[in-house]
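Below: one structure, written as structure tokens.
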Amino acid sequence: MEMFDRVGAEMGAAVQDMQFPGLVWSLTSGHDAGRQVALEAPGDVPGDALIRIASVTKPIAAAATLALTEASVLDLDDPVERFVPSWAGRRVLGIRNGPLSETVPAVRPTTVRDLLAMGFGLGYDAGAPEGDALSAATSAAGLYSDWRVPALDPDTWAERAAVLPMAHQPGQGWLYQSSFDALTVVVQAATGQGFEAVLRERILDPLGMAETGFTVPEESLDRVPRHGFPDAADGPAEILPAGDRALLTPPRFPSAATGLVSTAADLMRFASMLLDGGSGPNRRVLTEDSVRAMTTETTTGAGREMGRGLLPEGQAWGLGVGIDPAGRFGWDGGTGSSLWVDPAAGVAGVLLTTEGMGSPEPPAYLQRFWRAVQSSPT
């Protein structure tokens, strides 16, 4: 197929310009029996490499949460305090980026839907001034995660989050990341299960994603490549060694925001399910209504304004995915991962790399990949 050839040629060239030259890409085009799939790995890693996917964890976690709503384990409009009583009666800053001592009551409880919509009221605030009190307090409490999961256990995380005010009223803002850490706490309380067990039961096992999880078995460590970030102060910085033995140990906080390890083939199974409106290879994983909810914009005007700098220009946010003006949906991860679905074109794509993004600006390899996908006829 011409699209596959063009993308292959482009990524073969792109990997030569990477400071940590390893990538695996996969594309699928069409539906059901007529589907065509390609997977290639130019550079220094094998096609079955096990790579940290960072924030591409979020769409998988959102899908699992929606599956729980279908099973009536929880409801999108359930107040989070139903599951985490210490989050009842939260306060809200009286002034945007104001002092922590000046707060007002929340006008309504925060809901599960708010968490999926990035509305917990704590998180990365790209528009905050230097010295912002809430950002500093969130950091001091150890609540922030990034491509790494929180260092705290979920119970301690919940307790520390409970004493901080929200940056905005429920449903009226968008701050990145911490809402999905909060989602972990809620899902574990609602189900009585560990978060990875929920992912496995609701999404990973039904889709045959056997190599996706928060740990890697020892016999597979040789498929874990080294990982780095470009353009550090003293040059390119290796942040994770090849065969990283830290992946043998489950994290204290298996986060809905970040931390999964996966392969391009596994992620393509997930992307294909979304492309097919929730239908997996053996059975339906999500209803069409759940996929529609996931891919319907939730960002208000205030939310888009708060998201500037972290929510790319022109993009909206659904329930666990970004949505671009053309109707594509998916998300990118700071370790150099990307998963997007284009229902109109009948195309889904996955890119995994060993070179982290380093900044909110999309790196060259990511831009080249999606430009080649979108410009190629199918």
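Build a GNM of the chain with springs between Cα atoms under 10 Å apart, and of D48, D114, D155 the one that fluctuates most is D155. Counted over all Cα-Cα pairs of the stretch 293-349, pairs farther apart than 15 Å make up 48 percent.
Hull volume per residue, based on the alpha-carbon atoms of the stretch 1-155 and their convex hull, is 201 Å³.
Per DSSP H run of n ≥ 4, the term is -39500 (n - 2.57); total these for the chain, divide by its residue number, and report the mean residue ellipticity at 222 nm rounded to 500 deg cm²/dmol.
Values: 11 runs with 106 residues, N = 378.
Result for the chain: -8000 deg cm²/dmol, rounded to the nearest 500.
In the context of the full set of protein chains, residues of the chain present 39 Å² of accessible surface per residue (probe radius 1.4 Å, heavy atoms only).
For the stretch 312-378, a Kirkwood hydrodynamic radius built from all Cα pairs, placed in the Stokes-Einstein relation at 37 °C and 0.692 mPa s, yields a translational diffusion coefficient of 264 µm²/s. When every Cα-Cα distance of the stretch 169-304 is counted in 10 angstrom steps from zero, the calculated P(r) takes the values 10, 29, 36, 21, 4, 0 percent. Once both labels are positioned 7 Å from their Cα atoms along Cα-to-Cβ, the gap between E130 and D17 label points is 3.3 nm. Figure note: E201, E130 ranked by solvent-accessible area, largest first, 1.4 Å probe, ligands and nucleic acids not counted: E130, E201.
For the stretch 65-117, run through the GluC sites (Glu not before Pro) and keep only the ones in DSSP coil with at most 12 other Cβ atoms within 10 Å of their Cβ. Answer in residue order: E102. Computed from phi, the 3J(HN,Hα) profile of the stretch 67-78 under the Karplus parametrisation 6.51, -1.76, 1.60 (θ = phi - 60°) reads 5, 5, 5, 5, 8, 6, 6, 8, 10, 4, 9, 5 Hz, with x in place of Gly and Pro. Compared with the dominant Cα axis of the chain, that is its longest principal axis, helix 264-275 is turned about 70°. With a 1.4 Å probe and every protein chain kept in, tell me what percent of the accessible surface of the chain is carbon plus sulfur. Of all accessible area on the chain, carbon and sulfur atoms account for 50 percent. Against the chain, whose longest principal axis is taken from its Cα atoms, helix 364-375 shows a tilt of about 70°. Modelled spin-label separation between A246 and S139, with each label point placed 7 Å from Cα along the Cα-to-Cβ direction: 2.0 nm. For a test of the definition: using alpha carbon positions, the gyration tensor, and the 1.5 limit on a/c, classify the stretch 232-333 as rounded, prolate or oblate. Oblate, because a/c is 1.5 or more while a/b does not exceed b/c. Between D5 and A326, the FRET efficiency estimated from the beta carbon spacing at R0 = 35 angstrom works out to 0.95. About its Cα centre, the dipole of the chain is roughly 660 debye, where the only charges are +1 on Lys and Arg Cβ and -1 on Asp and Glu Cβ.
Report the local net charge at F229: Lys and Arg +1, Asp and Glu -1, summed over other residues whose C-beta lies under 10 Å from its C-beta. Before the final figure, lay out each step's value.
On the way: positive: none; negative: D231, E238, E355.
Charge balance in the 10 Å sphere: -3.
The values are calculated or read from the model by the stated rules, or taken from the named source; none is laboratory data. Every value quoted in this text rests on a predicted model; they were computed, and no experiment measured them. Glycine gets a Cβ as well: all are built from the backbone with ideal geometry, and neighbour counts include every protein chain shown. Accessible surface areas use protein heavy atoms only, side chains included; no ligands, DNA or RNA. Shrake-Rupley method; radii C 1.70, N 1.55, O 1.52, S 1.80 Å.
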